[in-house]
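As structure tokens, the structure follows; a few thoughts come after it.
Since every read-out is calculated from the coordinates, none of them should be taken as a lab result. Predicted, not measured: the structure shown is a model, and the values here were computed from it. Cβ sites come from the backbone with ideal geometry, for glycine too, and all protein chains shown count toward neighbours.
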Amino acid sequence: MAKKYRKVRIMARRQIMKTARIKQNYSVAEFARLVQTTRAHIYLIEKGDSGVSEKLANKIATQLSMELNDLFEIVWPEKSKDDAEPTYIDRHLQKQSAEMAREPSPHLQ
């Protein structure tokens, strides 16, 4: 089974990006044009509902004359059920399945 990799997200720190944008007198539309994205995407980023690519994060930080670490943080997704260690029951069922696969079926003899 191939290992599943969880994708990290680069998220804006709450209110810091918006405050910096407003202090520099950028409207959302103007700022979106400068960093080559949409107004809706800027709203979502500032609200914390959307992550950004590394490229866009760099453009935003450069435009606001700020450090990346001051504006953004890396968010690691929580482990899913698939990533969890197998329980005793999981291991037992896996063992039973393997044994059944090795034994010839009486119906096929």
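Quick look at the numbers
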read-out: Given charges at Cβ of Lys, Arg, Asp, Glu: segment 9-75 dipole, positive-most of 51, 24, 11; value: 24
read-out: Whole-Hz couplings from phi, Karplus 6.51/-1.76/1.60, listed for segment 49-59; x for Gly and Pro; value: 9, 9, x, 10, 6, 4, 5, 5, 4, 5, 4
read-out: Label-point gap, in nm, between residue 43 and residue 95 - each point 7 angstrom along Cα→Cβ; value: 5.7
read-out: From the C-alpha gyration tensor of segment 9-75, square roots of 5λ in Å; value: 16, 13, 11
read-out: Fewest-first sequence of 66, 17 by Cβ atoms within 10 Å of each Cβ; value: 66, 17
